[in-house]
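Written below as structure tokens is the structure these notes are about.
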Amino acid sequence: MRVIAGKAKRLQLKTPKGLDTRPTTDRIKETLFNMIQDELYGIRFLDLFAGSGGIGIEALSRGAKEAVFVEQNREACSIIRENLAFTHLAEQAEVLGQNVLTALGRLRGGEEFEVAFMDPPYKKGLELQVLQSADFYSILVDKALVIVEADLDTSLKEDETPGFRILKEKLYKTNKHIFLEKV
């Protein structure tokens, strides 16, 4: 896995061993960032269920001013920190090694985020728990962009996600991105 574009372009990132994380492939990451490139410059980016940190690091490399990474797996947190140091982006980042819902409560009352990305474990309903969380809603600016990476069977309905409007879905061979906007 590598950084696709920006100031850390072509740098290889480490990923945790095992199957606990599923790093987003370079091809899917490139497609995603081509779609959201215009949203990134000078923003705060939130990377939930961050794994190796590849998505948040890509956002920083492409112009986000700050990123917060939330990941409860200790090995993965260590790798995120190593990847941030290797890409020289650590000063623009904060890594929270805790459960996502706990971290959202901790972030409440701080500076808000313009873009949030989440790639929770599949088929556990965690994306809905986050989207229905008052803490999550409160840390996003109005019209914030939220991107959910999910398996192809995941379906979000607007009546399940109060405060968010579903903009579109982008399907890939094995998964998809669901784009939402805070309303």
Please calculate how many Å² of accessible area the chain carries per residue, with a 1.4 Å probe and no DNA, RNA or ligand atoms counted. 49
Out-of-range pairs (alpha-carbon distance over 24 Å; input Lys17/Lys124; Lys14/Lys182; Lys124/Lys157): Lys14/Lys182
Alpha carbons only, please: Rg and Dmax for the range 116-183, in angstrom. 11.1, 34
If you filter the range 4-111 for GluC sites (Glu not before Pro), then keep DSSP loop positions with at most 13 other Cβ within 10 Å, what is left? Glu111
Would you kindly derive the ³J(HN,Hα) couplings of the range 87-102 from the backbone phi angles with the Karplus curve 6.51 cos²θ - 1.76 cosθ + 1.60 (θ = phi - 60°), listing them in order in whole Hz, with x for Gly and Pro? 8, 6, 10, 4, 5, 9, 10, 10, 10, 10, x, 7, 4, 4, 5, 5
Highest GNM mean-square fluctuation among Ser61, Ser138, Ser52, for the chain with Cα springs under 10 Å, belongs to Ser138
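How much length is gained on full extension from Lys168 to Gln12, taking 0.36 nm per residue of separation minus their Cα-Cα distance?
Working: separation 156, 0.36 × 156 = 56.16 nm, distance 3.05 nm.
That pair, Lys168 and Gln12, stretches by 53.1 nm at full extension.
Among Met35, Met118, what's the order by accessible area (1.4 angstrom probe), most exposed first?
On the way: Met35 70, Met118 0 Å².
From most exposed to least exposed: Met35, Met118.
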Just to check I understand the Karplus step: with θ = phi - 60° and J = 6.51 cos²θ - 1.76 cosθ + 1.60, what whole-Hz values come out for the range 153-170, glycine and proline as x? 7, 6, 10, 9, 10, 4, 6, 8, 10, x, x, 10, 10, 7, 8, 5, 10, 10
Among the chymotrypsin sites (Phe, Trp or Tyr not before Pro) within the range 17-116, which fall in a DSSP loop and have no more than 14 other Cβ atoms within 10 Å of their own Cβ? Tyr41
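Trypsin sites (Lys or Arg not before Pro) within the range 76-183: which are DSSP loop residues with at most 16 other Cβ atoms inside 10 Å?
Numbers: sites: Arg81, Arg106, Arg108, Lys123, Lys124, Lys143, Lys157, Arg165, Lys168, Lys170, Lys173, Lys176, Lys182; in loops: Arg108, Lys123, Lys124, Lys157, Lys173.
Qualifying residues, ordered by number: Arg108, Lys123, Lys124, Lys157, Lys173.
Which percent of the accessible heavy-atom area of the chain goes to carbon and sulfur, probe 1.4 angstrom? List each step's numbers first, then the result.
Working: 4240 of 8920 Å².
Carbon and sulfur together cover 48 percent of it.
Convex hull over the alpha-carbon atoms of the chain: what's its volume per residue in Å³?
103
The values are calculated or read from the model by the stated rules, or taken from the named source; none is laboratory data. Nothing here was measured: the structure is a model prediction, and the numbers come from that model. Here the Cβ is made from the backbone with ideal geometry for all residues, glycine too, and neighbour counts use every protein chain on show. In case anyone asks, the SASA skips ligands and DNA or RNA and just uses the protein heavy atoms, side chains included. Shrake-Rupley method; radii C 1.70, N 1.55, O 1.52, S 1.80 Å.
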